[in-house]
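Every number in this text was worked out from the coordinates using simple rules, so none of it is lab data. Source: prediction; values computed, not measured. Cβ: placed from backbone, ideal geometry, glycine included. Neighbour counts: every protein chain shown.
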């Protein structure tokens, strides 16, 4: 593993342990050249995924980009970071288990929205507003009405 500080290829693992949900191995590393300490995560990857964008372009799937999008939607929301990491891992596993090496951006967006809906209603609406390209207040009203309709079917509204 290359040192992010000096670029040396000779780094040492000082500690390894599974994450809370055992979906990854957290490794503390030390660079013997410059003394820099850093953390890496090792995850199981079922298959290499390629994202087919709306314009037809194909790009490699990037878990970190997915995580950033989810974190942006959840910004300033009181959601336990462990729950967020578990949701991201579930999204990735769900996409990998579709059985295809190519997955559409639409499939990813819909999957993320399904999981955000379970985590936090406000984050769901934020993500949907970007993903579905809301252009006017009515678009927000429609999304909120969908959420309210689901709460009515499931019983009392979930606390946010």
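Rg to Rh ratio, the stretch 1-44, alpha-carbon atoms and Kirkwood radius?
Rounded to two decimals, Rg/Rh equals 1.03.
Need one number: nm distance between label points at residue 30 and residue 129, each 7 Å from Cα along Cα→Cβ, rounded to one decimal.
4.8
Given 5 Å bins starting at zero, what is the percent of C-alpha pairs of the chain in each, up to the one with the largest pair distance?
Distribution as computed: 1, 8, 14, 15, 16, 15, 12, 9, 5, 3, 2, 1, 0 percent.
Divide by every residue of the chain the summed helix terms, -39500 (n - 2.57) for each DSSP H run of at least 4, and state the resulting mean residue ellipticity at 222 nm, rounded to the nearest 500 deg cm²/dmol.
The per-residue figure over the chain is -14500 deg cm²/dmol.
With the chain treated as a Gaussian network of Cα nodes joined by springs under 10 Å, which of 61, 127, 36 yields the largest mean-square fluctuation?
The residue with the greatest mean-square fluctuation here is 36.
Between residue 100 and residue 42, what FRET efficiency follows from the Cβ-Cβ distance if R0 is 30 Å, with the result rounded to 0.05?
Computed FRET efficiency for residue 100 and residue 42 comes out at 0.80.
Under a crude label model (7 Å from the Cα following the beta-carbon direction), how far is residue 71 from residue 12 in nanometres?
With each label placed 7 Å out from Cα toward Cβ, I get 3.0 nm.
Quick check on the exposure proxy: order 116, 49 from fewest to most C-beta atoms within 10 angstrom.
Arranged by neighbour count, lowest to highest, 116, 49 become 49, 116.
Comparing 128, 73, 148, which has the greatest mean-square fluctuation in the GNM of the chain with Cα pairs linked when under 10 Å apart?
Per the Cα network of the chain with a 10 Å cutoff, 148 tops the list.
Could you line up 31, 6 from fewest to most neighbouring Cβ atoms inside 10 Å?
Neighbour counts put them in this order, fewest first: 6, 31.
Need the full-extension length gain, residue 146 to residue 55, defined as separation in residues times 0.36 nm minus the C-alpha distance. One decimal, nm.
Full extension from residue 146 to residue 55 adds 29.9 nm.
Going by how many other beta carbons lie within 10 Å of each one, how would you line up 144, 66, fewest first?
144, 66
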